[in-house]
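All remarks here apply to the structure that follows.
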Amino acid sequence: MHLDIQHIIYLLSSVTFILGLKMLSNAKTAKNGNSLAAVGMIAAMITAIVFQEGAVSSLVYGLIFAAIALGTVVGWLTAKRVQMTKMPELVSLFNGMGGACAALIGLVEFHHYVGDSMSISVILAGMVIGSVSFTGSMIAWAKLNGKIKNAIRFPKYNILNTIILIGLFVYAAWMVWTGTGSEMHLYVLFAAALGYGILFVLPIGGADMPVVISLLNSFTGLAAAFGGFLYGNQVMLTGGILVGSAGTLLTLVMCKAMNRPLFNVIFGAFGAGTTAASEAGPQGNVKEVGPSDLAVQLNYSKKVIIVPGYGLAVAQAQHVIKELETILEERGVEVSYAIHPVAGRMPGHMNVLLAESNVEYDKLKEMDDINPEFAQTDVVLVVGANDVVNPAAKTDPSSPIYGMPILDVENAKACIVNKRSMKPGYAGIENELFFRDKTQMLFGDAKKVLSELVAELKALD
Amino acid sequence: MNDLIEFFTINKEMIFIVILMIFVGVEVIGKVPAVLHTPLMSGANAIHGVVVVGAILLMLNTQPDNYLALGLGTVAVFLGTLNVVGGFVVTDRMLEMFKKKK
């Protein structure tokens, strides 16, 4: 009877995961979907503890509760305190923790199943995938954080990585085949998997990190599913496979939004091998504009489109930009925001940031909807965005971002670009937009210059 | 070959679940707007934290005198919980931002 209830709860938990994920893909139901899945998760965790058969020492219970309590407090506080701009790297961090958890399970369980080749295969697969996901996520975290600045590539890194990957597979297969119970082999495999995770993500450019995190996310799901297979635990299996499958699709959808095939993300050199081209890139004079002149220009415009980018997020300028919007609207200027699918560091990241500062949802326009509007726009204000407005994506087949859909800001009557300096954007390439006749540069920290701009606008009244 | 057939026979329910869940996962994500990619990824991230259940089962089946296994298991439960709690809370915070607009 006990066991039946256990399975019913696991079944219900699985259903909450499916429904939760379904609801998460719709803006209206997303929040409830997340809560629903959370409830299912708590139920699954309690069930696992309560319905354990046989005697369990109080030491074990104590350790479990202590670990859960500590994990809850640390997880809760970290998630509550993180700035919204730092959110993508936090997701990566949490993903890595799940991967590490799966890897540790494999590390411990290995001894208990020596001789059972099927179980050993499942254990090793879970351990290897979990380890790769762990170190890979840590590197992705460090990259988004700015701790690792550039893509680091060893000579022939593609071949090297492929050899290591095949090596991992062969080594694990050999361990299963020989039925070895040797700890040495287990630890060598563990270390090699950790190493592969690092080498796998290290050469990938920062702009592609969202895709990588999504991919590693589905890896961790897969690792969890292998754990479910090992324990014959359905809720781990359903949850893991669900995320593995949905995560893979999400990865592909993201790739499509960026017009970058997954293969190119993993094996391609984004921003590398084109350094020669960028050095010979567009040169010329840039026109500068100050806040006071710009204030006048904006004051007499009819239609203004703001293009926010990661620079806005870094400068925490989302509240100032809302203030600017309010003032302009009061003066009868029509203001909307053009959101590139990969604005910020992750798809949807910019929407979250702007929503935080109460920008109305309807004012955030997606790329395909707003592109035809630029021609009727008086002023486009590009704040901390660069690659997503780079015309080279359309005109220069040698450019690494060639083919990526961009916002057609060049069609507007005037284009103001706010940047801290003339340094190239995340993809590491020059932007000829800055040298165009219609373009004026507004140099400085986004929050600072936009505050000045707002002050100037107020003074104009 | 016999091993494989045996494996399938023993685990056929599990294999059914795997195959069906792959399709469910694809169906569920279907037509998600780009705006929701980040919260969705974050939510999925929290859900794979279900691996913590495995860590709990591991602990429950470990002998109290196997200190290495207990130590690693405790760390695994901690990390898994971190994944679950952090994942759900951060997703909730993201979605909170969307809701405020009304």
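What follows is calculated from the coordinates using simple rules that are stated; it is not laboratory data. Everything numeric here is computed off the predicted structure, so don't read it as measured data. Heads up, the Cβs are rebuilt from the backbone with ideal geometry, glycines too, and the neighbour counts pull from every protein chain shown.
What does a probe at B:Asp3 reach in segment A:101-125, counting residues whose amide N is under 15 Å from the point 7 Å along Cα→Cβ? Inside the label zone: A:114-125.
What does the structure give for A:102-114 when I average, per residue, the other chain Cβ atoms found within 10 Å of the residue Cβ? List each step's numbers first, then the result.
On the way: counts 9, 4, 15, 11, 3, 5, 13, 7, 0, 3, 4, 0, 0.
Rounded to a whole number, the mean comes out at 6.
For chain A, the convex hull drawn through the C-alpha positions has a volume of 146 cubic angstrom per residue.
For segment A:87-270, the Kirkwood estimate of hydrodynamic radius, built from reciprocal distances between every pair of different alpha carbons, is 16.5 Å. Taking Cα atoms only, the orientation of helix A:446-460 departs from the longest principal axis of chain A by about 40 degrees. If R0 is taken as 25 Å, the Cβ-Cβ distance between A:Asn145 and A:Asn285 corresponds to a FRET efficiency of 0.10. Here the gap between A:Thr162 and A:Asn358, fully extended at 0.36 nm per residue and compared with their Cα-Cα distance, gives a gain of 65.9 nm. Computed 3J(HN,Hα) for segment A:286-292, one whole-Hz value per residue from the Karplus formula 6.51 cos²θ - 1.76 cosθ + 1.60 where θ = phi - 60°, is 10, 8, 9, 9, x, x, 5, glycine and proline marked x. Working note: Debye formula, equal point scatterers on the alpha-carbon atoms of segment A:1-50, no solvent; log10 I(q)/I(0) at q = 0.13, 0.28, 0.32 Å⁻¹ is -0.31, -0.91, -1.06. Taking chain A as the reference, fit the longest principal axis to its C-alpha atoms, fit the long axis of helix A:117-145 to the helix C-alpha atoms, and give the angle between the two in degrees, 0 to 90, nearest 10. Around 30 degrees separate the two axes. Spatial offset of segment A:445-461 relative to segment A:30-95 amounts to 45 Å, using the alpha carbon center of each. What the Cβ-Cβ distance of A:Thr326 and A:Tyr113 gives, at R0 = 51 Å and to the nearest 0.05, is a FRET efficiency of 0.20. Sorted on the mean count of surrounding Cβ atoms within 10 Å across their residues, most packed first, peptides A:169-180, A:95-106, A:64-75, B:79-90 read A:95-106, B:79-90, A:64-75, A:169-180. Measuring between their Cα centroids, segment A:186-244 and segment A:99-133 lie 12 Å from each other.
Largest GNM mean-square fluctuation among B:Met41, B:Met21, B:Met59, using chain B with Cα springs under 10 Å: B:Met21. For segment A:97-157, the equivalent ellipsoid derived from the alpha-carbon gyration tensor has semi-axes of 31, 14, 6 Å in decreasing order.
In this structure, A:Glu334 and A:Thr395 have a Cβ-Cβ separation that, at R0 = 30 Å, corresponds to a calculated FRET efficiency of about 0.55.
Computed from the Kirkwood radius of its Cα pairs, the Stokes-Einstein diffusion coefficient for segment A:1-91 at 20 °C and 1.002 mPa s stands at 139 µm²/s. When both segment B:18-32 and segment A:310-355 are represented by their alpha-carbon centers, they are found 33 Å apart. The angle separating the long axis of helix B:37-47 from the principal Cα axis of greatest extent in chain B is about 30 degrees.
Against the 2.2 N^0.38 Å scaling, with N counting residues, where does segment B:33-102 land? I'd like the Cα-based Rg ratio to two decimal places.
So the Cα radius of gyration is 1.48 times the expected 2.2 N^0.38 Å.
Counted by Cβ distance under 15 Å from A:Leu124, the other residues give a net charge of -3, where Lys and Arg count +1 and Asp and Glu count -1.
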